[in-house]
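J.: Sharing a structure below in structure tokens format, with a few things to ask.
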There are 2 protein chains.
Amino acid sequence: VSVQPLRVGVIGAGTVGREVIRAFLDRSPRLAPPDGAPLLLTAVAEKFTERAIASGIPESLLTDAPAHMIASGDVDIVVETMGGAEPARTLISAALSTGKSVVTANKHVIAHFGPELERLARETGATLRFEAAVGGGIPLLGPIALDLAANRISRVRGIVNGTTNFILTAMAREGRDYAEVLAEAQARGYAEADPTADVEGLDALNKLVILARLAFGAWIEPAAVGNRPGMTTGAQGAPGITGVTAGDVASLAAEGRILRLIATTRLAEDGAIEASVVPTAVPAGSSFGRCDGVLNRVEVDGVPVGRVAFEGPGAGGPAAAAAVLSDLVAIARGVGSTWAGLPAAVERSALAVRPVAAECVAAPSGACYPVGD
Amino acid sequence: VSVQPLRVGVIGAGTVGREVIRAFLDRSPRLAPPDGAPLLLTAVAEKFTERAIASGIPESLLTDAPAHMIASGDVDIVVETMGGAEPARTLISAALSTGKSVVTANKHVIAHFGPELERLARETGATLRFEAAVGGGIPLLGPIALDLAANRISRVRGIVNGTTNFILTAMAREGRDYAEVLAEAQARGYAEADPTADVEGLDALNKLVILARLAFGAWIEPAAVGNRPGMTTGAQGAPGITGVTAGDVASLAAEGRILRLIATTRLAEDGAIEASVVPTAVPAGSSFGRCDGVLNRVEVDGVPVGRVAFEGPGAGGPAAAAAVLSDLVAIARGVGSTWAGLPAAVERSALAVRPVAAECVAAPSGACYPVGD
């Protein structure tokens, strides 16, 4: 039987988009699943068309008008890899509202506008997949939603931001201070010119919101996720890893501990969802303590499975592109949205969300870092 | 819309089957996926009906005639959790040949009769899922087939047998000899009365055959998988871990190495598939070296994703039952066979398969153990 191909339009030919487009131009055999419709790249929307042409994208595919591409009816699936809040959110909404499938790596949009996007997709029957938004190419969201479907998940926690893990690893290894290591990370391309989203834990926090949706069936409010360690004074510390000092790192190292920015969400006994992204003092020899550099590691605790862990490179254009392509194949095979098989999400207003309660260990800066295992 | 429920018949009420049945009797909400048909337990085939009744299984569900249960037309999905070669193979074939879906945890049958079972399932359009056959409740086969679909996998390796890992861990920790630790493992229920399948590497070898099917698209012959380390004399050593001595363990420990029974399969440059299950000398501080006791760890190397690892408890009735239940949910949702989305397997006769070539390190017993990282 010959099946009508699914026409794919990619928005944004940056780090991830370029790799997705290359897989199509190289005619990857993976893009014609034997039990699904073949996938065909028919359009690329990119603001900088000249740069895109120079990178080898055929001019015949290019447009600088993504909204028009979506409205035109010339594509069946929209791949959004431009990132950022707007116009990504509006473009994704526009595609879903006309019943088009969407694949995105945009953790900010999914974490902040997940409830409205899920409602919209369910209304129009559109498919929305976002595996690349968490853990780069590591299979995480699919396994939680599908392969672990028969478990009751009680906690998800992990190192999900490579930039902060690179900085904390270098601080512990070299005894240097935060500002110095951050500057080096920026010079080496591991941190952005404006590092706020990474170092304040906002990127990890967005990923945690997405993990919680799949593990607990609810879109928690990003603003409800704690991202500051406590202080011994009782006050709140600086956000993310921005308050971590060389003195803190040395003092913890003397006790065999190392700081890792750990994102944690768990179901509390009273039914509330706890969620935090804070520097956590873990044993240096533990699995998290040994998860160095830009590696990611996510642990899922469930009944009856026990603790299952996923590890791998959490960033990089090619790895994220592989996740996007796998999502495209899943759509071609009719597997549905990333949340397919799970009940519709609980309304945000019905949720009690609070930071994770944990014992903490005092450090010279006055911060009291939660203790992990 | 009301959907006709899928009638499930379980064959074998042992360690895994009992947990699957319990989930149905407890009316787990997971067994009614919102976008699939509800699952209904309608029959249990078990030889020891009195013991089954004593364990709480309603007499009205019980039969001692599994072949009749399959032939009767009263079930839509057959869950085979009896284990062993026969009659499991014949029952699975009978179910698939009448177009019934089958879920099984039976690695022996899948590894040895995979080619004929896949051919049969494709002919009749039946679904065959076997996630529980490898890694217990750890999501492994689904992620490799579906979530990593856009990658080119070059190698899969892992610790996939808890019994041998328990024995090697205890030998390294306590300096005791193989026979002594094996006896203790048997006393504690970590090893069976006849431990051959575990200690000779046959269980791990079956799992490796299944991993290779999903990673490389071919059912390799179990007999072609190497399960003996070389000897410094050039001869072949004892199978699996049966030749490992306390002296070998101590000598490797002095170099910072520890033995792990590692199952490895990779694509060689000449197009052959290499596959071995042998005690491998890995750095004690490496991820494999630190994978202790009954834990499993599987690493998948692919392009572009890089190295992705999966860890968790690889055995135990409840964990394996969770994998069986997730497979049932996948069938209810129409996700298809474990290999769905991949091309049909290459014929065994067309395959070049050989043991993995690797550098080795000599040990006092005369064995030369491959070196791992």
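The values are calculated or read from the model by the stated rules, or taken from the named source; none is laboratory data. All values reported here derive from a predicted model rather than from experimental measurement. Cβ atoms come from the backbone with ideal geometry, glycine included; neighbour counts cover every protein chain shown. SASA here: full protein model, heavy atoms, side chains in, ligands and nucleic acids out. Shrake-Rupley method; radii C 1.70, N 1.55, O 1.52, S 1.80 Å.
J.: Hey, what number do you get for chain B at 222 nm if only DSSP H runs of n ≥ 4 count, each worth -39500 (n - 2.57), divided across all residues, to the nearest 500?
T.: -9500 deg cm²/dmol
J.: Determine the shape class of region B:278-326: with a ≥ b ≥ c the square roots of the Cα gyration tensor eigenvalues, call it rounded for a/c under 1.5, and otherwise prolate if a/b is greater than b/c, oblate otherwise.
T.: oblate
J.: Could you report the buried accessible area between A and B, both sides summed, computed with a 1.4 Å probe and given in Å² to the nearest 100?
T.: Interface between A and B: roughly 3600 Å².
J.: Still on this structure, please answer the following. Simple spin-label model, 7 Å along Cα-to-Cβ: B:H68 to A:D194 in nm?
T.: So the label points at B:H68 and A:D194 sit 7.4 nm apart.
J.: Mind checking which of B:A67, A:P318, B:A111 is farthest towards the positive end of the protein assembly as shown's charge dipole, using Cβ charges of +1 (Lys, Arg) and -1 (Asp, Glu) about the Cα centre?
T.: Value: B:A67.
J.: Positive end of the charge dipole of region B:138-193 (Lys, Arg +1 and Asp, Glu -1 on Cβ, about the Cα centre): tell me which of B:A172, B:I138, B:A187 has its Cα farthest that way.
T.: Looking along the dipole axis, the top candidate is B:I138.
J.: B:R257's amide H: which non-local residues (gap 5+, or another chain) put their own amide H closer than 5 Å, with H modeled 1.01 Å from N in plane and none for Pro or chain starts?
T.: Those lying under 5 Å, H to H, from B:R257 are B:A284.
J.: Which value, in Å², gives the accessible area per residue of region B:324-365 when a 1.4 Å probe is used on the protein heavy atoms?
T.: Heavy-atom SASA per residue in region B:324-365 reads 42 Å².
J.: Another question, if that's okay. Which value, in debye to the nearest 20, describes the size of the charge dipole of chain B about its Cα centre when Lys and Arg Cβ atoms bear +1, Asp and Glu Cβ atoms bear -1, and nothing else is charged?
T.: Using Cβ point charges on Lys, Arg, Asp and Glu, chain B gives about 540 debye.
J.: Here's a follow-up. Can you list, by residue number, the Cys in chain B that have no neighbouring cysteine C-beta under 4.7 Å?
T.: Cys with no partner Cβ under 4.7 Å: B:C291.
J.: I would also like to ask the following. Which net charge results for the neighbourhood of B:L96, defined as the other residues with beta-carbon distances under 12 angstrom from its beta-carbon, given Lys and Arg at +1 and Asp and Glu at -1?
T.: Around B:L96, the charge tally is +1.
J.: Please list, in order along region B:56-70, the HN-Hα scalar couplings obtained from phi with the Karplus expression 6.51 cos²θ - 1.76 cosθ + 1.60 (θ = phi - 60°), rounded to whole Hz, x for Gly and Pro.
T.: Values, residue by residue: x, 7, x, 4, 5, 8, 7, 9, 10, 10, x, 4, 5, 4, 5 Hz.
J.: Follow-up. So how compact is region B:174-301: Cα radius of gyration and Dmax in angstrom?
T.: 15.3, 46
J.: If I model a spin label as a point 7 Å beyond the Cα along the Cα-Cβ vector, how far apart are those points for A:A253 and A:R307 in nm?
T.: So the label points at A:A253 and A:R307 sit 2.5 nm apart.
J.: Lysines near A:K107 by alpha-carbon distance under 27 Å, same-chain residues fewer than 8 away left out - which ones?
T.: Within reach: A:K47, A:K207.
J.: Here's a follow-up. Residue-wise, which Karplus ³J(HN,Hα) couplings in Hz belong to region B:116-123, taking 6.51 cos²θ - 1.76 cosθ + 1.60, θ = phi - 60°, and x for glycine or proline?
T.: Per-residue couplings from phi come out as 6, 5, 5, 4, 4, 4, 5, 5 Hz.
J.: Might you report the magnitude of the Cβ-based charge dipole of the protein assembly as shown about its Cα centre, with Lys and Arg at +1 and Asp and Glu at -1, to the nearest 20 debye?
T.: Dipole magnitude for the protein assembly as shown comes out near 460 debye.
J.: How high is the FRET efficiency between B:F48 and B:A350 when r is their beta carbon distance and R₀ equals 51 Å, given to the nearest 0.05?
T.: Calculated value: 0.70.
J.: Convex hull volume of the Cα atoms in region B:274-373, per residue, in Å³?
T.: 185 Å³
J.: Next question, about the same structure. Counting DSSP beta bridges in the protein assembly as shown, what percent are antiparallel, to the nearest 5?
T.: If we restrict to bridges inside the protein assembly as shown, about 60 percent are antiparallel.
J.: Starting from region A:193-271, pick out the GluC sites (Glu not before Pro) whose DSSP state is loop and whose Cβ has at most 15 other Cβ atoms within 10 Å.
T.: Loop-located and lightly packed - A:E255, A:E269.
J.: Of the beta bridges DSSP finds with both residues in chain A, what % are antiparallel, to the nearest 5?
T.: 60 percent
J.: Next up: So which trypsin sites (Lys or Arg not before Pro) in region B:43-92 are both in a DSSP loop and have at most 14 other Cβ atoms within 10 Å of their Cβ?
T.: B:K47
J.: Could you estimate the translational diffusion coefficient of region A:228-306 from the Stokes-Einstein equation, with Rh from the Kirkwood formula over C-alpha pairs, at 25 °C and 0.890 mPa s, in whole µm²/s?
T.: The estimated diffusion coefficient comes to 171 µm²/s.
J.: Oh, and also: Report P(r) for the protein assembly as shown: all Cα-Cα distances, bin width 20 Å, range 0 to the bin holding the largest distance, values in whole percent.
T.: Going out from 0 Å in 20 Å bins, the protein assembly as shown shows 17, 49, 32, 3 percent.
J.: Oh, and also: I need the semi-axes of the equivalent ellipsoid of chain B: take the C-alpha gyration tensor, multiply each eigenvalue by 5, square-root it, list largest first in whole angstrom.
T.: Computed over chain B, the values are 37, 23, 17 Å.
J.: A further question follows. Name the residue from B:P38, B:A85, B:A268 whose Cα lies farthest towards the positive end of the charge dipole of chain B, charges +1 on Cβ of Lys and Arg and -1 on Cβ of Asp and Glu.
T.: The listed residue farthest towards the positive side: B:P38.
J.: Is there a quick way to get the dipole size of region B:1-140? I mean about its Cα centre, with the Cβ of Lys and Arg at +1 and of Asp and Glu at -1; what is the value in debye to the nearest 20?
T.: 180 debye
J.: Per residue, how much accessible area does region A:55-185 have with a 1.4 Å probe, in Å²?
T.: 33 Å²
J.: A further question follows. Kindly tabulate the residues in region A:282-304 with an accessible-area decrease of at least 10 Å² between the chain alone and the assembly of all protein chains, using a probe of 1.4 Å.
T.: A:G285, A:S287, A:R290, A:R297, A:P304
J.: Still on this model: Taking the simple approach of a point 7 Å from Cα along Cα-to-Cβ for both A:D26 and A:E123, what is their distance in nm?
T.: About 4.0 nm separates the two model spin labels.
J.: Moving on. Just tell me which aspartates and glutamates come within less than 20 Å, Cα to Cα, of A:K100; anything on the same chain fewer than 8 places away is out.
T.: Once the sequence-local aspartates and glutamates are set aside, what remains near A:K100 is A:E46, A:D64, A:D74, A:D76, A:E80, A:E86, A:E116, A:E118, A:E123, A:E131, A:D327, B:D35.
J.: Step through the residues of region A:269-282 one at a time and calculate ³J(HN,Hα) from phi using the Karplus curve (6.51 cos²θ - 1.76 cosθ + 1.60, θ = phi - 60°), rounding each to whole Hz and writing x for Gly and Pro.
T.: Along region A:269-282, the couplings run 5, 7, x, 6, 9, 9, 8, 8, 10, 9, x, 10, 8, 10 Hz.
J.: Please give the FRET efficiency for B:S60 paired with A:V3, using the beta carbon to beta carbon distance and R0 = 60 Å, rounded to the nearest 0.05.
T.: 0.85
J.: Would you please give the residues with an amide H less than 5 Å from that of B:R354, counting only those at least 5 places away or on a separate chain, with H modeled from the backbone geometry?
T.: HN-HN under 5 Å from B:R354: B:I273, B:E274, B:A275.
J.: Return the loop-located trypsin sites (Lys or Arg not before Pro) in region A:148-232 (DSSP other than H, G, I, E, B) with at most 10 other Cβ atoms within 10 Å of their own Cβ; answer none if there are none.
T.: For trypsin sites (Lys or Arg not before Pro) across region A:148-232 that sit outside H, G, I, E and B with at most 10 neighbouring Cβ atoms in 10 Å, the list reads A:R188.
J.: Quick check: at a probe of 1.4 Å, how many percent of the accessible area of chain B sits on carbon and sulfur atoms?
T.: Carbon plus sulfur share of accessible area: 53 percent.
J.: Using modelled backbone amide H atoms (1.01 Å from N, in-plane), which distant-in-sequence or interchain residues come within less than 5 Å of A:T127's amide H?
T.: Those lying under 5 Å, H to H, from A:T127 are A:S101, A:V102.
J.: What fraction, in whole percent, of alpha-carbon pairs in region A:56-162 exceed 22 Å separation?
T.: Percentage above 22 Å: 39.
J.: If the label for B:T49 sits 7 angstrom from Cα along the Cα-to-Cβ line, what are its distances to the same label in every other copy, in nm to one decimal, shortest first?
T.: 7.7
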